[in-house]
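All of the numbers you see were taken from the coordinates with simple rules; none came from a lab. Everything quoted here is computed from the prediction, not taken from an experiment. Note that we place each Cβ from the backbone using ideal geometry, even for glycine, and neighbour counts take in every protein chain shown.
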Amino acid sequence: MADINQVIDKAKELAQTASEKSQEYYQISKCKFEIAQLKMKIEKNYNAIGKKVYDVKKAGEELPDFAAEMEEIDLLKADIEEQKDIISSIKNTIRCNSCGADVSEDDPFCPKCGASMK
Ligand SMILES: [Zn+2]
């Protein structure tokens, strides 16, 4: 018969694991929310560029270079990659160099695009 202390220890261990899992889930949700916000900011920049193109073309003027908007989009994209890296580190996965999918460290190939993970 199992010792009562062993049962209590096992229960504590399971509670700890559940708590860690919900903590992970919370962290990943936070990252995904952040990614959604960043994507919205990127969309705003694309819209701003589109409106400028429209206004400038309508007025028959030369197109500006959009350097500021493009720089901001690139920074936002880098922030998204950072958030994805955080998710990968929480999930203990590695990112596929070819498609960016989360891949288990044991997988020799990416299950999404088939790229070799070696
Ligand atoms: Zn891939």
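Of the GluC sites (Glu not before Pro) found in the stretch 1-90, those in coil by DSSP whose Cβ has at most 10 other Cβ atoms within 10 Å are 61, 62. With a simple spin-label model that places each label point 7 Å from the Cα along the Cα-to-Cβ direction, the separation between residue 71 and residue 7 comes to 6.7 nm. Going through the cross-link list 84/118; 21/91; 10/91; 30/52, which pairs have a Cα-Cα distance over 22 Å in this structure? Where the Cα-Cα span goes over 22 Å, the pairs concerned are 10/91; 30/52. Where only DSSP H runs of four or more residues are counted, the chain gives -25000 deg cm²/dmol as its mean residue ellipticity at 222 nm, each run worth -39500 (n - 2.57). Ordering of 89-96, 107-114 by packing is 89-96, 107-114, highest average first (other Cβ atoms within 10 Å, averaged per residue). Dipole orientation for the chain: of the candidates 50, 22, 67, 50 has the Cα lying most toward the positive pole (charges on Cβ; Lys, Arg +1; Asp, Glu -1). Amide H contacts under 5 Å for residue 115: 110, restricted to partners 5 or more places along the chain or on a different chain, H placed in the peptide plane at 1.01 Å from N. Charge dipole of the chain (Cα centre as origin; +1 on each Lys and Arg Cβ, -1 on each Asp and Glu Cβ, all else neutral): 440 debye, rounded to the nearest 20. So what are the ³J(HN,Hα) numbers for the stretch 44-52, from phi and the Karplus equation (6.51, -1.76, 1.60; θ = phi - 60°), rounded to whole Hz, Gly and Pro as x? Once θ is set to phi - 60°, the couplings for the stretch 44-52 become 4, 5, 4, 5, 4, 4, x, 5, 4 Hz.
For residue 33 and residue 101, a Förster radius of 22 Å and the Cβ-Cβ distance give a FRET efficiency of 0.60, rounded to the nearest 0.05.
In units of the compact-protein estimate 2.2 N^0.38 Å, the stretch 4-104 shows a Cα radius of gyration of 1.74. Please determine, in degrees from 0 to 90 and to the nearest 10, the orientation of helix 67-91 with respect to the longest principal axis defined by the Cα atoms of the chain, where the helix direction is its Cα long axis. The answer is roughly 10 degrees. Lacking any other cysteine beta-carbon closer than 4.7 Å, the following Cys residues of the chain have no compatible partner: 31.
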